[in-house]
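The values are calculated or read from the model by the stated rules, or taken from the named source; none is laboratory data. These numbers come from a predicted model, not from an experiment. Cβ atoms come from the backbone with ideal geometry, glycine included; neighbour counts cover every protein chain shown. These area figures cover heavy atoms from the full protein model, side chains too; ligands, DNA and RNA do not enter into them. Shrake-Rupley method; radii C 1.70, N 1.55, O 1.52, S 1.80 Å.
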Amino acid sequence: MFIIAFNALYLTVVYSDAEFIKYWRDVWIETAMTTKTHQWLATMLFPQSIIDEVMAGHDDVKDVIGGKDNLDTTKKEEEKQPEGEPVDDILNQRFLAVGGYDYAGNEIVINDIEEGILVSAIEGPSYKGRIMLVDDPARVYIGMTKYPGVSGMRILEMMEAYGAVAGVNASGFSDPDDNGNGGEVLGMSLSQGRYWGSYVTFYGSIVLTTDNRLVVGNLNNWEEYGNIRDGMQFRPVLIADGEKMVEGSAGYGIQPRTAVGQRADGVMVFLNIDGRDISYSIGCTVGDMADILLSYGVINASSCDSGATSIIAYKGEVITRNCSWNPTIGRILPNAFLVDPKNKTQEAE
């Protein structure tokens, strides 16, 4: 009797079209299949035909470019984004305080007026994380390991090498058996004029132009544009020109995640959601990420590498709970979004 009941339940879960059951079945499969070492959680339980059906749209790279106008080097001078010093207190930090709430209603955990950095706690039904706002996009760039092709560097080590005040993971990397050392970047990477890797069609691009605008989406051959200074590749695009590009899990399941975005006024936004910890945060969907970023006025955004790689660091400390074997230092990375301190920018001028 028990076996009959179990079989009936199993068949219901596998083949049911009931909205609630189908949703969670699909999320389970997407979550398992978008990991490197836990795909067995789907393949052991579900027929390959069901897995293929659920994952059919996962690899799509949408033919969209958010911020495409910023790639046009022929724009009239009056149409270009103004350069120079950022607007004084563009984040309204003098009116904010740690323990209070930012304009999106989230608790502020860091309010560094001197460095123009604001960090708030993010909390949803099943996830927790951090969002970091940086006032001046000119201070944001891609830093890369000193040892390309050999080994990556941990986020704090990379920040120290570049003299950065903050850092966020960027590209994915070759990771056989979950033991990758960050030495082989996936996709193209451009760090302050230095190219590394090769273009891949299964990722979109995330680039910063010479006038400090973020462009995300389906573009290759960055050299042809003439005004791309830093970049990487990953997916999916979350927001393009103010329009949300993903809904729900969108084939990516529930995972720890990292994203980068930019507001219309140039402010850079980094979002990290912790995960794979049922006692703290299990992770979120890409749709959740897009909604959070939209609440901060982000107009262009994309996911970066996620999972155990997801991490944000600030002033020599990791400020998120990444799910690597050592959360205090995180995984070895091929590159990262870094933020220069203001005094470094002023000295250079």
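I'd like the full set of residues that are modelled with pLDDT under 95 and more than 14 Å from residue 291 (Cα to Cα), limited to the stretch 109-130. Result: 126, single match.
Checking the stated criteria, residue 174 turns out not to satisfy the condition of being at pLDDT 95 or above and among the hydroxyl-bearing types (Ser, Thr, Tyr). For the stretch 161-168, state whether one or more residues are assigned to a strand (DSSP E or B) and surrounded by fewer than 16 Cβ atoms within 10 Å (Cβ to Cβ). No: the stretch 161-168 contains no residue that is assigned to a strand (DSSP E or B) and surrounded by fewer than 16 Cβ atoms within 10 Å (Cβ to Cβ). If the condition is being open to solvent by less than 30 Å² (accessible area, probe 1.4 Å) and part of a loop (DSSP other than H, G, I, E, B), then the stretch 293-327 contributes 296, 304, 305, 306, 310, 311, 320, 322, 324.
Looking only at the stretch 116-150, residues that are in a loop (DSSP other than H, G, I, E, B), open to solvent by less than 10 Å² (accessible area, probe 1.4 Å) and either among the aliphatic types (A, V, I, L, M) or closer than 22 Å to residue 186 by Cβ (or both) come to 1 in all. The single condition among (1) open to solvent by 10 Å² or more (accessible area, probe 1.4 Å); (2) farther than 30 Å from residue 242 by Cβ that residue 330 does not satisfy is (1).
Residues of the stretch 151-159 include none that is part of a loop (DSSP other than H, G, I, E, B), closer than 25 Å to residue 227 by Cβ and open to solvent by less than 40 Å² (accessible area, probe 1.4 Å). Cβ-Cβ contacts under 7 Å between residues 6 or more apart (or on different chains), taken from a first residue in the stretch 96-116 that is at positive phi to a second residue that is of a type in the set (A, V, I, L, M, F, W, C), are listed as 99/108; 116/91; 116/134.
Please give the number of the condition residue 7 fails out of (1) modelled with pLDDT under 70; (2) surrounded by 12 or more Cβ atoms within 10 Å (Cβ to Cβ). For residue 7, the failing item is (2). Scanning the stretch 221-251 for residues that are open to solvent by 20 Å² or more (accessible area, probe 1.4 Å), in contact with a strand residue (DSSP E or B) (Cβ under 7 Å, 6 or more places away or on another chain) and of a type outside the set (A, V, I, L, M) returns 229, 234, 235, 241, 242. In the stretch 208-220, the residue that is surrounded by the fewest Cβ atoms within 10 Å (Cβ to Cβ) out of those that are in contact (Cβ under 8 Å) with a residue 40 or more places away in the chain and in a loop (DSSP other than H, G, I, E, B) is 218. Scanning the stretch 333-349 for residues that are of a type in the set (Phe, Trp, Tyr) and either modelled with pLDDT under 95 or surrounded by fewer than 24 Cβ atoms within 10 Å (Cβ to Cβ) (or both) gives no hits.
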